[in-house]
Amino acid sequence: MENLLMGFNIVSPVFLVLLLGYFAKQRGHIDDNFVDKGTWIVFYLALPFKLFYDIKNARIESLHPKYVLYILLGVIFVIFLSLIIGKVIGIKDKRKLSAFVHCAYRSNFVYVGFPILDILYNGTPSMEHMIVIVSFGLTLYNISAIILLTYYSESEEKRISFLDIIVKIIKNPMIIGVVFGALFNFLHIPVYSGVDKAIEMVSKISTPMSLILIGASLNFESSKSDFKLMFLSAFIKTVLAPLILIPTGKWLGFTNMELGIAYVFWATPCAANCFIFTRQMNSDYEFASKIITLSFIMSIVTYPVGISLMNYFNLLH
């Protein structure tokens, strides 16, 4: 019971801020225009500055190749697992199948995982392992999303442009933040104190702002006909993936810090980006939106339970 209470205390601030965003939207204080502009601020300024600032000031000795491989193979495993499950349960609509798989593997790690880890490790999670997640895990998310959604689109034109994928990776603001943070760290490039303080100030808005924006974007409209599929996709994301991959990581000999960060990565509800990608690439974006919302609702329970179990088995600290 003590472990469960600890898990709830860790995640409750995150979901209370999410609810703040949701109710502000319902009362008309936040509209879609605010969400669009706020998302731009977080995605292009606050989060890249946070990554740059944290990595620039971190002690980085290695990128841990074994951990990189674990994260990459884990993502690929969840993609194929959810694709097999989707086909076995008989999802015939290609657009719905691609949305089902996309939401089952893509984690909202940056917007929700970062705040959870800040609380879990008192603001000092290992940046070496955070770099692995952001640089490799999130990059693979984007590559696999483009391939998956293109292949299962209803368009006759199913060409996958790897040049476009490379360009999108290079232009990703978070990748830019990671790269420049690492360069300034390794090369010991000095930063004028005024600029450094400004970057720190902007980076601090990333956590509350991103949570408020996600809360404002949640859609609680139900759909009974799709509920089983929605639940299964969200279940894979928040329960099944960490249930399989955390014991695998323990068996592979990873440290508690590595397992704690991995748990947050595997168990975080599916990303709001799932909606954006599915809409832009002719997938079933309405179905994706409902899975996103359901996965957030489920994680209110699964996160405290999962963190309490991690703590019970001494896998966090």
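The values are calculated or read from the model by the stated rules, or taken from the named source; none is laboratory data. Worth saying up front: this structure is predicted, and the values here are computed from it rather than measured. Positions of Cβ are backbone-derived with ideal geometry, glycine not excepted, and every protein chain shown enters the neighbour counts. To get the accessible areas, we keep the full protein, side chains included, count just its heavy atoms, and leave off ligands, DNA and RNA. Shrake-Rupley method; radii C 1.70, N 1.55, O 1.52, S 1.80 Å.
Just a few scattered comments:
Residue by residue, here is whether (1) open to solvent by less than 40 Å² (accessible area, probe 1.4 Å); (2) at pLDDT 85 or above; (3) at negative phi; (4) outside any loop (DSSP other than H, G, I, E, B) holds:
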residue	(1), (2), (3), (4)
E128	yes, no, yes, yes
I131	yes, no, yes, yes
K168	no, no, yes, yes
V178	yes, no, yes, yes
V195	no, yes, yes, yes
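- Of the residues making up the stretch 299-310, those that are within 27 Å of F136 (Cβ to Cβ) and either β-branched (V, I, T) or open to solvent by 30 Å² or more (accessible area, probe 1.4 Å) (or both) are T302, I307, L309.
- Search result, residues across the stretch 151-166 that are at pLDDT 80 or above and either in a loop (DSSP other than H, G, I, E, B) or surrounded by 16 or more Cβ atoms within 10 Å (Cβ to Cβ) (or both): Y152
- So F34, is it open to solvent by 60 Å² or more (accessible area, probe 1.4 Å) and among the aromatic types (F, W, Y): yes
- Comparison of F100, F49 shows that the only residue that is more than 21 Å from K237 (Cβ to Cβ), modelled with pLDDT of 90 or more, surrounded by 15 or more Cβ atoms within 10 Å (Cβ to Cβ) and touching a Ser or Thr at 6+ places or on another chain (Cβ under 9 Å) is F49.
- Listed by position, the helices (runs of 4 or more DSSP H) contained in the stretch 200-296 that have at least 1 residues being open to solvent by 50 Å² or more (accessible area, probe 1.4 Å) and in contact with a Phe, Trp or Tyr (Cβ under 7 Å, 6 or more places away or on another chain) are 273-280.
- Filtering F77, F114, F109, F136 for residues that are under 18 Å from the mean Cα position of the chain (by Cα), open to solvent by 20 Å² or more (accessible area, probe 1.4 Å), under 30 Å from V17 (Cα atoms) and aromatic (F, W, Y) leaves a single hit, F136.
- Residues in the stretch 260-290 that are modelled with pLDDT under 90 and among the aliphatic types (A, V, I, L, M): A271, A272, I276, M281, A288.
- Pick from the stretch 60-74, criterion surrounded by fewer than 14 Cβ atoms within 10 Å (Cβ to Cβ) and either in contact with a helix residue (DSSP H, G or I) (Cβ under 8 Å, 6 or more places away or on another chain) or in contact (Cβ under 8 Å) with a residue 40 or more places away in the chain (or both), ranking: nearest to I236 (Cα to Cα): K66
- The lone exception for S82 - which of (1) crowded, with 23+ Cβ neighbours inside 10 Å; (2) modelled with pLDDT under 95; (3) not aliphatic (A, V, I, L, M) it fails: (2)
- The listed residue being farther than 24 Å from I91 by Cα, of a type in the set (S, T, N, Q) and touching a Pro at 6+ places or on another chain (Cβ under 8 Å), out of T255, T207: T207
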